[in-house]
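The values are calculated or read from the model by the stated rules, or taken from the named source; none is laboratory data. This one's a predicted model, so the numbers in the text were calculated from it and none came from an experiment. Every residue, glycine among them, receives a Cβ derived from its backbone with ideal geometry; neighbour counts consider all protein chains shown. The area values use the complete protein model at the heavy-atom level, side chains included, leaving out ligands, DNA and RNA. Shrake-Rupley method; radii C 1.70, N 1.55, O 1.52, S 1.80 Å.
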Amino acid sequence: MAFDIDKYTETSVSVAWKDLDFDEFETNPLPPETLATLRYMCDVEYHTVCYLRDLLVTPSHKEADVSAFMTMWNREEFWHGEALAAVLAKHGVTVDFDQLKATRLKLGWKDRLDPIKQSLLGNIVGKDFIAVHMIWGAANEWSAVAAYNRLAELQQHPVLAELLRRIAKQEARHVAFYATQARERLAKSKKAQVIARFALKNAWGPVGSSIMEPDDVTHVMGHLFAGEEGLREIRKLDEHISRMPGLDGLTIVETSMKKYGVAA
Ligand SMILES: [Fe+2]
Ligand SMILES: [Fe+2]
């Protein structure tokens with residue numbers, strides 16, 4: 001499946017939510033556990049800018065398609081954060097991006113990959129680095145689609161579910177980009193496959209785990225992916241990843257969830 005980057009950049013828009021009746025939250029508010037999960041998701045979306053910043057200094061930035069995508073992608077994720085912040089605001093929970101930026105937006109993807117990079121003695125370079133970046137992104141975006149759809153199903157709130165499904169649709173476009181890129185790039189390089197395998201196996205964690213407290217990760221992932229249905233979703237994610245060239249047999253999602261006490 002090809003990914004049309006021009007079409008993507010032309011049609012990239014903020015997720016629509018102004019047409020949704022947020023006053024519904026006044027008469028039909030969300031329970032604390034869902035608010036905690038939304039808060040986590042909002043933080044993660046707002047942190048996207050850190051990933052972008054880190055990646056602007058990597059070889060990925062020199063690839064025109066990748067940079068074009070990442071520019072639009074970064075905006076879409078920011079708008080996801082804004083939409084979720086608006087839901088939280090309706091429940092008296094304030095998440096202010098500027099404040100977050102000043103105090104906590106410092107970690108990102110690079111922090112996780114740095115030790116790996118060092119252990120490979122600078123072997124992650126050029127095209128191979130981009131391949132690893134793309135499969136990493138695909139794993140995260142697949143997780144995002146699953147998380148939003150799952151919360152929509154679990155909560156069954158008419159307004160929230162609609163918003164989450166709209167966000168999930170945009171996440172699915174992100175999947176399409178990263179997965180297409182990853183598939184092509186991994187197929188071309190055995191070395192990239194080996195490095196990607198190593199990096200994912202040793203450094204990947206549930207989305208948000210590099211920036212949130214371990215207890216929060218456990219709580220949110222448990223909320224979303226506990227039980228048999230959750231385990232099925234987790235295994236679907238691993239299936240997507242392990243179908244990539246050279247990545248067969250990987251079970252990074254299930255393994256990392258177990259580390260956080262989920263899917264145990
Ligand atoms: Fe997002
Ligand atoms: Fe995304």
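Here the range 208-227 is the region considered, the condition is being over 15 Å from the mean Cα position of the chain (by Cα) and in a loop (DSSP other than H, G, I, E, B), and the residue that is modelled with the highest pLDDT is 226. None of 8, 40 is assigned to a helix (DSSP H, G or I), under 14 Å from the mean Cα position of the chain (by Cα), buried (at least 16 other Cβ atoms within 10 Å of the Cβ) and of a type outside the set (Gly, Ala, Ser) except 40. Taking (1) modelled with pLDDT of 95 or more; (2) more than 16 Å from ligand 2 (Cβ to nearest atom); (3) part of a helix (DSSP H, G or I) in turn, residue 29 satisfies each apart from (3).
Scanning the range 169-207 for residues that are polar (S, T, N, Q), away from ligand 1 (no atom under 16 Å from the Cβ) and assigned to a helix (DSSP H, G or I) gives 180, 181, 193, 202.
Output the residues belonging to the range 16-37 that are surrounded by 15 or more Cβ atoms within 10 Å (Cβ to Cβ) and either free of Cβ contacts under 8 Å to residues at least 60 places away in the same chain or in contact with a His (Cβ under 6 Å, 6 or more places away or on another chain) (or both). Scanning the range 16-37 gives 35, 37.
In the range 46-69, what count of residues is obtained for those that are of a type in the set (D, E, K, R), in a helix (DSSP H, G or I) and either within 16 Å of ligand 1 (Cβ to nearest atom) or at pLDDT 75 or above (or both)?
Residues flagged as of a type in the set (D, E, K, R), in a helix (DSSP H, G or I) and either within 16 Å of ligand 1 (Cβ to nearest atom) or at pLDDT 75 or above (or both) within the range 46-69 amount to 2.
Is it fair to say residue 153 is modelled with pLDDT of 95 or more, acidic (Asp, Glu), within 16 Å of ligand 2 (Cβ to nearest atom) and assigned to a helix (DSSP H, G or I)? Considered against the rule, which asks whether it is modelled with pLDDT of 95 or more, acidic (Asp, Glu), within 16 Å of ligand 2 (Cβ to nearest atom) and assigned to a helix (DSSP H, G or I), residue 153 comes out as no.
Checked against the criterion of being of a type in the set (A, V, I, L, M), open to solvent by 60 Å² or more (accessible area, probe 1.4 Å), at pLDDT below 85 and out of contact with any Gly (no Cβ under 8 Å at 6 or more places or on another chain), the candidates 121, 113 yield just one match: 121.
Listed by first and then second residue, the pairs linking a residue in the range 133-150 that is under 19 Å from residue 56 (Cα atoms) and open to solvent by 10 Å² or more (accessible area, probe 1.4 Å) to a residue that is of a type outside the set (Phe, Trp, Tyr) and not in a helix (DSSP H, G or I), with Cβ atoms under 8 Å apart and 6 or more places separating them unless they lie on different chains, are 140/207. Test residue 227 against the criterion of being of a type in the set (Gly, Ala, Ser), touching a helix residue (DSSP H, G or I) at 6+ places or on another chain (Cβ under 9 Å) and either surrounded by fewer than 22 Cβ atoms within 10 Å (Cβ to Cβ) or more than 18 Å from residue 40 (Cα to Cα) (or both), and give yes or no. For residue 227, the condition - of a type in the set (Gly, Ala, Ser), touching a helix residue (DSSP H, G or I) at 6+ places or on another chain (Cβ under 9 Å) and either surrounded by fewer than 22 Cβ atoms within 10 Å (Cβ to Cβ) or more than 18 Å from residue 40 (Cα to Cα) (or both) - is not met.
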